[in-house]
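Okay, structure first, notes after.
The values are calculated or read from the model by the stated rules, or taken from the named source; none is laboratory data. Owing to the predicted nature of the structure, the values given are computational and were not obtained by experimental measurement. We place every Cβ from the backbone using ideal geometry, glycine too, and count neighbours over all the protein chains shown. The area values use the complete protein model at the heavy-atom level, side chains included, leaving out ligands, DNA and RNA. Shrake-Rupley method; radii C 1.70, N 1.55, O 1.52, S 1.80 Å.
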Amino acid sequence: MRLEKSRKALALAEKYLEILEELADDPEEFRDSFVGAIAVIRRVGHVVHSESKELGRTAAFGQWWRRESAADRRFKCVKDARDLVLKEAEEAARVQHEVLVSDAAMGRATAYNPSVATESHIDVVRDGTEQERYTFSVPSASAADNGAAGPTYRRTWVFASGECVGEELIPALRQFLDWMRDDAIPKAEAA
């Protein structure tokens, strides 16, 4: 059997992930787009489950699906993020900021941590109001000494909570979609 609906849902989810990748440097747009994107990405699993059931999947695939969807970390991370933003209206993604010299971190900014007394705190102010607060740390001088090109800046989106808290978001979502494309859908179609 061929899971046309599942493949279509996967293609749409991959487009949404590409949009998130393009918006990584615009925190407001990224957060706004993340809500829809995580719902579309999570939906792939639902479509595989329901379409394979509708088309008469085998008991063996049904058992595999229940076991994998309950135990697979990628599945849990995507489910946690989707549940947080849609059901609980919580922030499921946050951004880490890094200043780099020749790919060596000069400094790193993460979510504000008031208990850290030895690091600096940065407030990002937009339109006269504080929008974001970060804790900023600077590593050893040797990291800054090995680069001559000057600093560059990078934003990395990470899971804000749930099973994958602190892990990079885009690669985890990519792994989930790769798993759907390379493992779940082919197994369902073969069943």
Which helices (runs of 4 or more DSSP H) sit wholly inside the stretch 23-88 and have at least 3 residues that are in contact with a strand residue (DSSP E or B) (Cβ under 9 Å, 6 or more places away or on another chain)? 27-54, 73-86
Collect the residues in the stretch 29-73 that are of a type in the set (Gly, Ala, Ser), open to solvent by less than 10 Å² (accessible area, probe 1.4 Å) and touching a Leu at 6+ places or on another chain (Cβ under 8 Å), keeping them in residue-number order. Ala37, Ser52
Examine the stretch 27-45 for a residue that is of a type in the set (Phe, Trp, Tyr) and over 14 Å from the mean Cα position of the chain (by Cα), and state whether such a residue exists. no
Return the residues of the stretch 15-32 that are in contact with a helix residue (DSSP H, G or I) (Cβ under 6 Å, 6 or more places away or on another chain) and within 19 Å of Lys79 (Cα to Cα); say none if nothing qualifies. Tyr16, Leu17, Leu20
Pair list, Cβ < 8 Å and 6+ apart or interchain, from the stretch 158-187 residues that are without any contact (Cβ under 8 Å) to a residue 24 or more places away in the chain and part of a loop (DSSP other than H, G, I, E, B) to residues that are of a type outside the set (Gly, Ala, Ser) and open to solvent by less than 60 Å² (accessible area, probe 1.4 Å): Val165/Val158; Val165/Phe159; Gly166/Val158; Gly166/Phe159
Which one of Leu3, Leu20, Leu10 is crowded, with 19+ Cβ neighbours inside 10 Å and within 17 Å of Pro171 (Cβ to Cβ)? Leu20
